[in-house]
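Here the structure is laid out as C-alpha cells; the discussion comes afterwards.
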Amino acid sequence: MLSKVITIAQQKGGTGKTTLSVHLALAFIKYHNLKVAIIDTDPQGSLGKWFMIRTEKKVSNDGLTFKTASLWGAQYEAKTLKTDHDIVIIDTPPKIESDARPSIEAADLVLIPMAASHVDFWATGAIVEIAKQANKKILIQINRSNQRSKLIDKTNDFIKSLDLLSTNTIIGNRQIYTSSMGEGKTAVEKQKKGNAVDEIKSLSEQILSEIK
Ligand SMILES: Nc1ncnc2c1ncn2[C@@H]1O[C@H](COP(=O)(O)OP(=O)(O)O)[C@@H](O)[C@H]1O
Ligand SMILES: [Mg+2]
C-alpha cells in the first residue's frame, strides 16, 4: 500500500477539482493497478451524483472506493482509508479558506487546478497560503487551457512568482472530460487513446513519482 493522500483544492469553483479527482482516480487504477478512494467533501455532491450514475449503469468500481465527508471529517476518513488504499483523493468545495486546514493537513500533495486566466490567478493565493503554512508539497495543475495560448507564459510567470511548480502536463479544454462524466465514467474509460488519455496518463505518472 502506498497510503498517500492527494487533496485537490482551489477556492474558485469550476476550475476542474472534481474532474481531476475522478480522472486521476481512474488513471491510478487503470494504468498503475492501484487501489484508490475518493472523498467528496463538497456539499453540492456532484461527485456523488457521478458515482450514483456509475453504479446504476454497473460500470466497474474495481479498485475504487467512494466516501462523502465534511471538510473536517475528511481528515479522519483519509487516515482510515489510507490503511487499505494506495491513494486517497480528497475533492473539496469552492470557498474553503476557513475550513480548508484539516483536508490540507491530511495531504501528502496538494494539487491546485487553475485555468490560464487572470481571474484564476486572483483566486489562487488563499489556498496556496494555507498549503504553504501547513508545509505541504504543492503542484499547480493548468486545466482547460491550450498549450499554445499566449496566456500560458503569463501563467507560468504567475506560478513562479508564488515560488511554486506546475505539473508537466497542461490539461486541454476537451469535451470528453465533461461528456464521459455525464455517463458516470471518465475519459480514460471511454477512450483507449487520444489527447485526454495521453494527458491524464502522463499526469498520473508524474504525480505518482512526486508522492512515492
Ligand atoms: N479540461 C476540461 N475540459 C473541458 N471541460 C472541463 C475540463 N475541466 C473541467 N471541465 C468542465 O468544467 C466544469 C467545472 O468542472 P469541475 O471539475 O466540476 O470543477 P470544480 O470541481 O473545481 O468546481 C464541468 O462542467 C466540467 O465538466
Ligand atoms: Mg467540484
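List of remarks:
- For the stretch 4-211, the relative contact order is 27 percent, taking Cα pairs closer than 8 Å that sit 6 or more residues apart in sequence and dividing their mean separation by the residue count.
- The eigenvalues of the Cα gyration tensor, multiplied by 5 and square-rooted, give the chain an equivalent ellipsoid with semi-axes of 24, 21, 16 Å from largest to smallest.
- Partners of LYS154 within straight-line reach, counting lysines whose Cα lies under 23 Å from its Cα and excluding those fewer than 8 residues away in the same chain: LYS12, LYS17, LYS132, LYS137.
- Here the relative contact order of the stretch 1-96, from alpha carbon pairs under 8 Å that lie six or more residues apart, stands at 53 percent.
- Amide hydrogen neighbours beyond the local backbone of ILE89, cut-off 5 Å, H modeled: ILE6, ALA37, ILE38, ILE39
- Our note on the geometry: Cα centres of the stretch 149-200 and the stretch 1-74, 17 Å apart.
- Anisotropy class of the stretch 1-86 from Cα gyration tensor, a/c 1.5 cut: rounded
- Beta-bridge orientation, the stretch 4-211: approximately 0 percent antiparallel, per DSSP, counting only bridges with both partners inside.
- Eligible lysines near LYS193 by straight Cα distance, threshold 21 Å, same-chain separation 8 or greater: LYS30, LYS185, LYS201
- Taking each residue as 0.36 nm, the span from LYS57 to SER202 lengthens on full extension beyond its C-alpha to C-alpha distance by 49.4 nm.
- Formal net charge of residues neighbouring ILE152 (Cβ-Cβ distance under 13 Å; K, R +1; D, E -1): +2
- Cβ-placed point charges (K, R +1; D, E -1), dipole of the stretch 84-169 about Cα centre in debye, nearest 20: 440 debye
- Near the amide H of ILE140, within less than 5 Å, lie the amide hydrogens of ILE112, LEU165, SER166, THR167, all on another chain or at least 5 residues away, with H placed in the peptide plane.
- Computed label-point distance, nm, for sites GLU210 and SER161 using a 7 Å Cα→Cβ extension: 2.1 nm
Readers should treat all values here as calculations from the given coordinates under stated rules, not as data from a laboratory. Treat the numbers as computed from the prediction; the structure is a model and nothing was measured. When we count neighbours, we look across all protein chains shown, and the Cβ atoms used for this are built from the backbone with ideal geometry, even at glycine.
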